[in-house]
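Written out below as structure tokens is the structure these notes cover.
The values are calculated or read from the model by the stated rules, or taken from the named source; none is laboratory data. Bear in mind that the values here come from a model prediction, so they are computed numbers and not experimental data. We place every Cβ from the backbone using ideal geometry, glycine too, and count neighbours over all the protein chains shown.
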Amino acid sequence: MPHLILYDGVCGLCNRLNRFVLARDRTDGFRFAPLQGKVAGDVLAKYAKDPADLDTFYLVTGWGSSGERLLWRGRAALQVLRELGGIWGASRVLGLLPTVLLDLGYRIVARSRYRLFGRHAVCPVPSPEHRAKFLLDGAPTGS
């Protein structure tokens, strides 16, 4: 089952992260959904999380399977790196840090992300070759 990244669709940093993952996702293991869309709302409702909290990045591992699990903030980011493998798997070392420290670092970046990386007026449209990996209303954006 693929992993689902839930991200702030208008955030420049989040969209750069998506491009980073797409360029390194050798196993086709990731799908993407903006927090502003129906898919994110439906998924997060199951976990009593608020999709309007745009300062939080989520990863749903094993999305749609019986072993589905929701990670957020620092733990989600580290798991994405682990799943990419290769040199990015070295991020396991950071997993030894307490969640409170990981999330502190995450929050510092999240607080200034619009200022440092910009903000789009609307969610950018993914490139044609990646469009099927982005879900808005329950279907890939290219469908």
- When restricted to 95, 86, the only residue exposed (fewer than 13 other Cβ atoms within 10 Å of the Cβ), over 17 Å from the mean Cα position of the chain (by Cα) and touching a residue at least 12 places away in the same chain (Cβ under 8 Å) is 86
- Task: Filter the range 65-83 down to residues that are farther than 17 Å from residue 17 by Cα and more than 12 Å from the chain's Cα centre (by Cα) and give me whichever is surrounded by the fewest Cβ atoms within 10 Å (Cβ to Cβ).
- Result: 66
- Which members of the range 93-107 meet the condition of being in a helix (DSSP H, G or I) and either modelled with pLDDT under 80 or of a type outside the set (A, V, I, L, M, F, W, C) (or both)? 93, 94, 95, 96, 99, 103, 105, 106, 107
- Any residue in the range 54-64 that is at pLDDT 90 or above, over 21 Å from residue 119 (Cβ atoms) and either of a type in the set (Gly, Ala, Ser) or surrounded by fewer than 19 Cβ atoms within 10 Å (Cβ to Cβ) (or both)? yes
- Message: Name the residue that is modelled with the lowest pLDDT, counting only residues in the range 108-137 that are farther than 19 Å from residue 20 by Cβ and out of contact with any Gly (no Cβ under 9 Å at 6 or more places or on another chain).
- Response: 121
- Task: Test residue 34 against the stated conditions and say whether it is over 24 Å from residue 95 (Cα atoms), touching a residue at least 40 places away in the same chain (Cβ under 8 Å), out of contact with any strand residue (DSSP E or B) (no Cβ under 7 Å at 6 or more places or on another chain) and surrounded by 13 or more Cβ atoms within 10 Å (Cβ to Cβ).
- Result: no
- Those residues of the range 47-63 which are touching a strand residue (DSSP E or B) at 6+ places or on another chain (Cβ under 8 Å) and not in a strand (DSSP E or B) amount to 47, 49, 51, 54, 56, 57, 62, 63
- If you take the residues in the range 2-30 that are at pLDDT 95 or above and more than 17 Å from residue 117 (Cβ to Cβ), which one is nearest to the chain's Cα centre (by Cα)? 6
- the range 6-16, residues that are out of contact with any helix residue (DSSP H, G or I) (no Cβ under 7 Å at 6 or more places or on another chain) and buried (at least 20 other Cβ atoms within 10 Å of the Cβ): 9, 14, 15
- Query: Out of 90, 77, which single residue is assigned to a helix (DSSP H, G or I) and closer than 22 Å to residue 1 by Cβ?
  - Reply: 77
